[in-house]
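A.B. asks: Before anything else, here's the structure in question.
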Amino acid sequence: MPFCEDCAKYWAPSAMHADGSCPTCGRVLDSPQIASTLPTFRRVTAENIDIRRLASGLDDDQELPKTPWHFKLLVAALCVYLGWRIVQIFI
């Protein structure tokens, strides 16, 4: 990470200007080749994000894992148990 002596601050390459200069004082800290080779990221919106794929840590070409049968069984048992507890409140 480039350090600006005048500002006494470390700057991430993505925070600097395209020519490699400090955003505060304008002093050139890094070569423009490094600053210009930073990856460009697309803006994340509700339309282009897949929370399941993000949480699983899989790439775009990998298939999402299916929910295990025993998890579905536990959820069903929990629903039956909580339903019975609600019935017991009114009895």
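A.B. asks: Quickly work out the residue 47-to-residue 71 label distance, labels modelled 7 Å from Cα along the C-beta direction, and quote it in nm with one decimal.
C.D. replies: It works out to 3.0 nm between the two label points.
A.B. asks: Sorted from largest to smallest, which semi-axis lengths in Å does the alpha carbon gyration tensor of the chain give for its equivalent ellipsoid, taking the root of 5 times each eigenvalue?
C.D. replies: Listed largest to smallest, the semi-axes of the chain are 54, 19, 11 Å.
A.B. asks: Also, quick follow-up: Test of understanding: in a Gaussian network model of the chain with alpha carbons linked when under 10 Å, which of 18, 77, 55 would top the mean-square fluctuation ranking?
C.D. replies: 77
A.B. asks: How high is the relative contact order of the range 3-90, in percent, counting Cα pairs under 8 Å that sit 6 or more residues apart?
C.D. replies: 14
A.B. asks: Let me ask you something else. In deg cm²/dmol, rounded to 500, what helix-only [θ] at 222 nm does the chain give when every DSSP H run of at least 4 residues adds -39500 (n - 2.57) and the total is split over its residues?
C.D. replies: It comes out at -11000 deg cm²/dmol, rounded to the nearest 500.
A.B. asks: Starting from the amide H of residue 9, placed 1.01 Å from N in the peptide plane, find each other amide H under 5 Å away whose residue is 5 or more places distant or on another chain.
C.D. replies: Here the answer is 4, since their amide H atoms fall under 5 Å of that of residue 9.
A.B. asks: In degrees, nearest 10, range 0 to 90: what is the angle between the Cα axis of helix 69-90 and the longest Cα principal axis of the chain?
C.D. replies: 60
Computed from the coordinates by the stated procedures, all read-outs in this text should not be read as laboratory data. Here the structure is a predicted model, which is why all the values come from computation and not from measurement. When we count neighbours, we look across all protein chains shown, and the Cβ atoms used for this are built from the backbone with ideal geometry, even at glycine.
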